[in-house]
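S.K.: Next up is a structure, given as structure tokens.
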Amino acid sequence: MNRKYRYHLGRDAVVERQKMEFRYCQECLEACRACTDPCLYGKFRRECVIWELCRKEARKRCKEKEAKEH
């Protein structure tokens with residue numbers, strides 16, 4: 001199986017972003033680096049483990065992005 005690590009090659013992956021097939025370690029989850037598209041709504045968001053773990057931080061980043069654009 002092909003394992004693509006987004007940031008920390010060689011670490012144990014705890015979750016995989018299925019759409020992009022990227023794997024993330026615990027540190028990436030804790031820093032909410034795994035949610036790469038926080039402002040993009042996907043039809044599977046309710047089922048996304050990454051979104052559920054990073055929801056508050058992802059929403060904060062989305063609001064900051066919107067504020068910068070206006």
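Just so you know, all these numbers are worked out from the coordinates, no wet-lab data involved. In this text the structure is predicted, and so the values were computed from the model without any measurement. With ideal geometry, Cβ positions are generated from the backbone for all residues, glycine too; neighbour counts draw on all protein chains shown.
S.K.: Residue check, R17 against (1) out of contact with any Ser or Thr (no Cβ under 9 Å at 6 or more places or on another chain); (2) among the basic types (K, R); (3) surrounded by 11 or more Cβ atoms within 10 Å (Cβ to Cβ), all met but one. Which one?
M.R.: (1)
S.K.: Another question, then. Name the residue that is farthest from W51 (Cα to Cα), counting only residues in the range 4-35 that are among the hydrophobic types (A, V, I, L, M, F, W, C) and not in a loop (DSSP other than H, G, I, E, B).
M.R.: Taking the candidates together, the pick is F22.
S.K.: Follow-up question, since we're still on this one. Can you give me the number of residues within the range 36-70 that are in contact with a strand residue (DSSP E or B) (Cβ under 9 Å, 6 or more places away or on another chain) and part of a helix (DSSP H, G or I)?
M.R.: So the answer is 3.
S.K.: In addition: Taking the condition without any contact (Cβ under 8 Å) to a residue 12 or more places away in the chain, surrounded by 12 or more Cβ atoms within 10 Å (Cβ to Cβ) and among the basic types (K, R), does R23 pass?
M.R.: No: the conditions fail for R23.
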